[in-house]
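Below is one structure, written out as structure tokens; comments come after it.
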Amino acid sequence: MDTTRRKFLTSTTKLAAAAGLASMVPASLLAASKRKNVSAGDTINIALIGCRSMGFGDLLNAIKQPGVDCTALCDVDRNILDERTADVLKKQGKAPKKYSDYRKLLEDKDVDAVIIGTPDHWHCLPFVAACEAGKDIYVEKPLANSIAECDIMVRATRKYNRVVQVGMQQRSGPLFKKSMELIQNGAIGQLRKVNIWGNFNYGIGEIKAPDSAVPAGVDYDMWLGPAPLKAFNKTRFHGNWRMFWDYGGGLVTDWGVHLLDIGLWAKNIVQLPVSVSAVGGNFAYPDHAHETFDTLNVIYQLPDYTLSWENTAGTENGPYGLPYGLSFIGNDATLILNRENMEFYPDMQNGKPKVAARPKETGDDSHELHMQNFLECIKTRKDPVCNIENGRLVAMYAHMGNIAMRTQSMLVWNDEDKNFGDNSAANKLITPAYRAPWKLPLI
Ligand SMILES: NC(=O)c1ccc[n+]([C@@H]2O[C@H](COP(=O)([O-])OP(=O)(O)OC[C@H]3O[C@@H](n4cnc5c(N)ncnc54)[C@H](O)[C@@H]3O)[C@@H](O)[C@H]2O)c1
């Protein structure tokens, strides 16, 4: 074990102890479901927990690959479960088993790996249970809906030696890899600032609607899971949960993790920020249902550069004509990047460009490459390109942005004590209070 990982495990155990956490996987499940790792020539049996949107996209990318079967699906919405089961049958000619409780799915010895495509508040519990059951995991981003859960998930991965890919698929994207190589090889000179923006209409949520009856076929108590009990409201449900603190963190955790990750990758940063501060608020669209900030700017101080995030939800304009992207500002040039484009703007000196111009380059979706990398790693037992530590790091950056804004304070993280020092308001937002009978897992 390397020293960084050992230090992380030791110090995060303090957080687990402080939170009074408990294991939630029955011993019978552990014994029943422990499965040997997949070998080179074996078929990989994959299952999906949370089937409506992104998780299903991930699953389609998995079953497109040779030697991969979908053997089980799990969802708490019977309508979605039935629809996705029919979709899988059509795609692969074999129907997967259906589960409405992920704990039952994880008892299934035929399952080698799971995709977790549930809302963010429902990542940690199935993730830890899957580790304990000996499954490998493709978990969607952000890793979890709180700092404490991210730490627990790292410990579970390493304790049970699981292969984990976090769904920040840009790590598999050729345009992103090329841009990182250019920056690291000095193409823009000394990098001093990365500005990141993500402006999306969906960030203001849907038009407000009254609470209503739970739709037929939905196990709403199980959809809420560890989150507080609240009446059913469609503006907080499928897809819309992102804009409510109980389930998500708004644009900075939803899109921010994708892009902040690239801002950190540019200098291979593995540390938390020196400090985090934020400004913004909920200034617009009072007729739309959202708690997370429609207007937000976060500044991260790093040892030798700054990262900034900004979102203006409800608009889709942004710098360089792009609704979202990153600008890497170096002494000699600025590199603009998003999933579709990479552009290079040399700086001028004495009327001449400091470095040669480069043609604009275009990029493609990298979800399938990211899934391929996960499937290869299941066989080689290597760490995938977006490993759990990486998923944790950037999720922590994103959550810290929200916590700085929610507490109106500049945050400084104390990595020994796993808290924000004497900032008690911020410390209260590190660990979620799970609704009984759910308990934060003790690892
Ligand atoms: N990598 C990407 O580019 C990308 C894009 C979109 C979403 N995501 C991530 O994917 C995840 C899912 O987002 P989405 O947009 O698909 O959400 P969604 O609301 O469309 O779908 C979530 C599904 O999970 C189900 N579910 C909820 N609780 C469950 C439980 N306890 N057990 C089983 N199923 C449960 C819901 O019924 C629903 O079918 C989120 O973490 C999101 O951030 C990633």
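Considering (1) more than 16 Å from the ligand (Cβ to nearest atom); (2) surrounded by fewer than 20 Cβ atoms within 10 Å (Cβ to Cβ), say which one Pro215 fails and leave the rest.
(1)
Return a yes/no flag: does the stretch 396-413 have any residue that is under 21 Å from the mean Cα position of the chain (by Cα), surrounded by fewer than 17 Cβ atoms within 10 Å (Cβ to Cβ) and not basic (Lys, Arg).
There is no residue in the stretch 396-413 that is under 21 Å from the mean Cα position of the chain (by Cα), surrounded by fewer than 17 Cβ atoms within 10 Å (Cβ to Cβ) and not basic (Lys, Arg).
Every residue in the stretch 263-290 that is open to solvent by 40 Å² or more (accessible area, probe 1.4 Å) and among the aromatic types (Phe, Trp, Tyr), please.
Phe283, Tyr285
Filter the stretch 312-335 for residues that are closer than 26 Å to Ala357 by Cβ, out of contact with any Pro (no Cβ under 8 Å at 6 or more places or on another chain) and either open to solvent by 60 Å² or more (accessible area, probe 1.4 Å) or not in a loop (DSSP other than H, G, I, E, B) (or both) and give the result.
Residues satisfying the conditions are Pro319, Tyr320, Gly321, Tyr324, Leu326, Phe328, Ile329, Gly330, Thr334, Leu335.
Just checking, does the stretch 65-72 include any residue being surrounded by fewer than 24 Cβ atoms within 10 Å (Cβ to Cβ), farther than 19 Å from Asp221 by Cβ, within 11 Å of the ligand (Cβ to nearest atom) and assigned by TED's automatic domain parsing to the domain that holds Leu375?
Looking for residues that are surrounded by fewer than 24 Cβ atoms within 10 Å (Cβ to Cβ), farther than 19 Å from Asp221 by Cβ, within 11 Å of the ligand (Cβ to nearest atom) and assigned by TED's automatic domain parsing to the domain that holds Leu375, one finds none in the stretch 65-72, hence no.
Somewhere in the stretch 194-206, is a residue in contact (Cβ under 8 Å) with a residue 40 or more places away in the chain, of a type outside the set (A, V, I, L, M, F, W, C), within 17 Å of His121 (Cβ to Cβ) and part of a loop (DSSP other than H, G, I, E, B)?
Step one: filter the stretch 194-206 for residues in contact (Cβ under 8 Å) with a residue 40 or more places away in the chain, giving 194-206.
Of the ones still in play, those that are also of a type outside the set (A, V, I, L, M, F, W, C) are 195, 198-199, 201-203, 205-206.
Add one more test, that the residue is within 17 Å of His121 (Cβ to Cβ), and what stays is 205.
Adding the requirement that they be part of a loop (DSSP other than H, G, I, E, B) leaves 205.
Taking every residue of the stretch 194-206 in turn, at least one turns out to be in contact (Cβ under 8 Å) with a residue 40 or more places away in the chain, of a type outside the set (A, V, I, L, M, F, W, C), within 17 Å of His121 (Cβ to Cβ) and part of a loop (DSSP other than H, G, I, E, B).
Can you name every residue in the stretch 124-170 that is of a type in the set (Lys, Arg) and either farther than 30 Å from Thr362 by Cα or not assigned by TED's automatic domain parsing to the domain that holds Asp110 (or both)?
Lys135, Arg155, Arg158, Lys159, Arg162
Collect the residues in the stretch 337-353 that are in a strand (DSSP E or B) and of a type in the set (S, T, N, Q), keeping them in residue-number order.
Correct list: Asn341, Gln349.
In the stretch 99-110, which residue that is away from the ligand (no atom under 11 Å from the Cβ) and open to solvent by 40 Å² or more (accessible area, probe 1.4 Å) is nearest to Ala47 (Cα to Cα)?
Only one residue fits best here, namely Asp110.
Taking the stretch 117-160 only, how many residues are away from the ligand (no atom under 14 Å from the Cβ) and either free of Cβ contacts under 8 Å to residues at least 12 places away in the same chain or part of a strand (DSSP E or B) (or both)?
So in the stretch 117-160, the residues away from the ligand (no atom under 14 Å from the Cβ) come out as 131-136, 147-148, 151-152, 154-160.
If we keep only those that are either free of Cβ contacts under 8 Å to residues at least 12 places away in the same chain or part of a strand (DSSP E or B) (or both) as well, we get 136.
Number of matching residues: 1.
Would you mind stating whether Trp438 is of a type in the set (Phe, Trp, Tyr), open to solvent by 10 Å² or more (accessible area, probe 1.4 Å) and under 24 Å from Leu251 (Cβ atoms)?
no
Taking Lys135 and the conditions (1) over 30 Å from Asp332 (Cβ atoms); (2) open to solvent by 10 Å² or more (accessible area, probe 1.4 Å); (3) more than 13 Å from the chain's Cα centre (by Cα); (4) of a type in the set (Lys, Arg), which numbered condition does it fall short on, given that it satisfies the others?
(2)
Restrict the check to the stretch 255-270 and report whether at least one residue is in a loop (DSSP other than H, G, I, E, B) and among the aromatic types (Phe, Trp, Tyr).
Scanning the stretch 255-270, I find at least one residue that is in a loop (DSSP other than H, G, I, E, B) and among the aromatic types (Phe, Trp, Tyr), so the answer is yes.
Run Ser179 past the list (1) part of a loop (DSSP other than H, G, I, E, B); (2) open to solvent by less than 10 Å² (accessible area, probe 1.4 Å); (3) among the hydroxyl-bearing types (Ser, Thr, Tyr) and report the number of the one that doesn't hold.
With (1) part of a loop (DSSP other than H, G, I, E, B); (2) open to solvent by less than 10 Å² (accessible area, probe 1.4 Å); (3) among the hydroxyl-bearing types (Ser, Thr, Tyr) applied to Ser179, the lone miss is (1).
Kindly indicate whether any position in the stretch 298-311 is under 22 Å from Lys208 (Cβ atoms) and open to solvent by less than 10 Å² (accessible area, probe 1.4 Å).
yes
Quick one: in the stretch 73-98, of everything that is part of a strand (DSSP E or B) and either more than 25 Å from Val214 (Cβ to Cβ) or open to solvent by 40 Å² or more (accessible area, probe 1.4 Å) (or both), which residue is nearest to the ligand (Cβ to nearest atom)?
Lys98
Hey, could you check the stretch 222-250 for residues that are without any contact (Cβ under 8 Å) to a residue 24 or more places away in the chain and either touching a strand residue (DSSP E or B) at 6+ places or on another chain (Cβ under 7 Å) or within 13 Å of the ligand (Cβ to nearest atom) (or both) and say which is nearest to Thr312 (Cα to Cα)?
Checked the stretch 222-250; the qualifying residue nearest to Thr312 (Cα to Cα) is Phe237.
The values are calculated or read from the model by the stated rules, or taken from the named source; none is laboratory data. Predicted model only: the values in this text are computed from it and were never measured. Ideal geometry is used to build each Cβ from the backbone, glycine not excepted, and the neighbour counts take in all protein chains shown. SASA here: full protein model, heavy atoms, side chains in, ligands and nucleic acids out. Shrake-Rupley method; radii C 1.70, N 1.55, O 1.52, S 1.80 Å.
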